[in-house]
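Single-structure report; data block below.
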Amino acid sequence: MNYKQACEFIMSNLPMYQRQGKAAYKKDLGNTLALCRKLNDPHRKFRSVHVAGTNGKGSSSHMLASVLQEAGWKVGLYTSPHLKSFTERIRINGSPVPEEWVASFITQHQKTVLEIAPSFFEITVGMAFQYFAEEKVDIAVIEVGLGGRLDSTNVITPEVCLITNIGEDHQQFLGESLEQIAEEKAGIIKEAVPVVVSQRQAETEAVFKKVAGEKHAPIFFAEDCYQSSFSEDHKSWLVKYKESCVEKSCPAGLKGDYQTFNLNGVLKCLDLLREKGIAWSEEQLIRGLENIVQNSGLKGRWQVLGTSPTMICDTGHNAEGVMLVVSQLSRQPFEKLHIVWGMVNDKDAGKVLELLPKHAHYYFCEADIPRAMSGDELVRQARQASLNGEFEGSVSQAIAKAKKAASAGDLIFVGGSTFVVAEIPGL
């Protein structure tokens, strides 16, 4: 079995949440544990950091991996979903898992996969753990897929847990209120394992304190320790260490305003890792935060794709994420604003569309996945939100139409879904 055949096997035989939605969601860890047993429990053979949250968990995971890599550690990184290639999900020191290894793994374990019938995500988690164990990583940064308590990654016992923030997303699985969603995210907290919460939120603080107390887990709210902001030119992060009142500056490897929330949590998490023997220096920290994209391969987070006209993309897709993106868009210089926008059909589109700028011209599109919201439905809801635009077909067709209409001083923004960003030509 070659790589292409291996990918076809796992994508055609196993339910994939990113494409199919609810039908692929598993409500227990049984399959993951069964698969790990067949693989001789690879998740017990490396140290790890576990990262959960509604928004920011991907960026935070890449930040952590970049700094630890600069510090000389062999760092595994597991994230989801991928944008262009399946191998993006599993990396060591920024390099994706080799296609040949993926093909070999599926060939070797095809019978086991058919017996257990895991979801696409479950087999991917098992594959990542096996690769990290075989390659003897010093530490792996593991991003939660959905929720926390019942997520397939939640079989590890990490050195530190990091929870970025809580917002309204995947309510059909995690609960309607922020408190209920926080309960699910808090499910990654383990007995006596320290947990960092990037943002203190009135609705969820008590939930995290309660679960941490039950687990005898030290809990830290990162904003009590750090206060991060951007410099005026957006080229540097300014970090105030609250205990010492010292303020330091370092080049900003990511440009989204929302990254300051993530940075606080990452810094506190790194402090705790250093206490556990995962050492790093101030110089390595600065290099890691500057070189996040180069070191980890992160894409689609307030990423500038071109100039004249300026073209920017971002994967923010729920109300909280879109609100932050729109706020940053409002401060950008442009003559006219063009927005290429698509969504998936299980999001609260109406709530998100109401947040978008009314003065922009919209090019609505459908990503090439079964979960994509139909163009007709997206346009109908957009018009209810007083947004001006038409359905243009595929993502590439919508971008081409926007580029044709835009002048050199205009701004084109592409977003609404990770899957829309994934289909940007040349990303």
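No value in this document is a laboratory result; all are computed from the given coordinates. This is a predicted model, so every value here is computed, not measured. Every residue, glycine among them, receives a Cβ derived from its backbone with ideal geometry; neighbour counts consider all protein chains shown.
Could you list all residues from the range 34-56 that are crowded, with 23+ Cβ neighbours inside 10 Å, of a type outside the set (Val, Ile, Thr) and outside any helix (DSSP H, G or I)? Once the filter is applied, which keeps residues that are crowded, with 23+ Cβ neighbours inside 10 Å, of a type outside the set (Val, Ile, Thr) and outside any helix (DSSP H, G or I), the range 34-56 yields His50, Ala52, Gly53, Asn55, Gly56. Within the range 304-323, being among the hydroxyl-bearing types (Ser, Thr, Tyr) and part of a strand (DSSP E or B) holds for one residue alone: Thr310.
Residue-wise test of (1) small (Gly, Ala, Ser); (2) part of a loop (DSSP other than H, G, I, E, B); (3) touching a helix residue (DSSP H, G or I) at 6+ places or on another chain (Cβ under 7 Å).
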position	(1), (2), (3)
Gly58	yes, no, no
Phe105	no, no, yes
Val113	no, no, yes
Pro118	no, yes, yes
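Looking only at residues in the range 288-323 that are touching a strand residue (DSSP E or B) at 6+ places or on another chain (Cβ under 9 Å) and among the hydroxyl-bearing types (Ser, Thr, Tyr), the one that is nearest to Phe86 (Cα to Cα) is Ser296.
For first residues located in the range 339-364 and closer than 18 Å to Ser327 by Cα, partners that are part of a loop (DSSP other than H, G, I, E, B) and among the basic types (Lys, Arg) and lie 6+ apart or on another chain with Cβ distances below 9 Å form the pairs His359/Lys336; Ala360/Lys336; His361/Lys336. Filtering the range 270-303 to residues that are in contact with a Ser or Thr (Cβ under 9 Å, 6 or more places away or on another chain) and in a loop (DSSP other than H, G, I, E, B) leaves Asn291, Gly297, Leu298, Lys299, Gly300, Arg301.
The number of residues in the range 178-222 being surrounded by 14 or more Cβ atoms within 10 Å (Cβ to Cβ) and of a type in the set (Gly, Ala, Ser) comes to 7. Taking the range 324-427 and the helices (runs of 4 or more DSSP H) fully enclosed by it, the elements with 1 or more residues that are over 30 Å from Phe86 (Cα atoms) are at 349-353, 375-384, 395-405.
I'd like the residue in the range 293-309 that is of a type in the set (A, V, I, L, M, F, W, C) and at negative phi and, out of all such residues, is surrounded by the most Cβ atoms within 10 Å (Cβ to Cβ).
If we filter the range 293-309 for residues that are of a type in the set (A, V, I, L, M, F, W, C), which is where we start, we get 293, 298, 302, 304-305.
Filter again for at negative phi, leaving 293, 298, 304-305.
Numbers: Val293: 16, Leu298: 24, Val304: 10, Leu305: 16.
Looking at residues that are of a type in the set (A, V, I, L, M, F, W, C) and at negative phi, I get Leu298.
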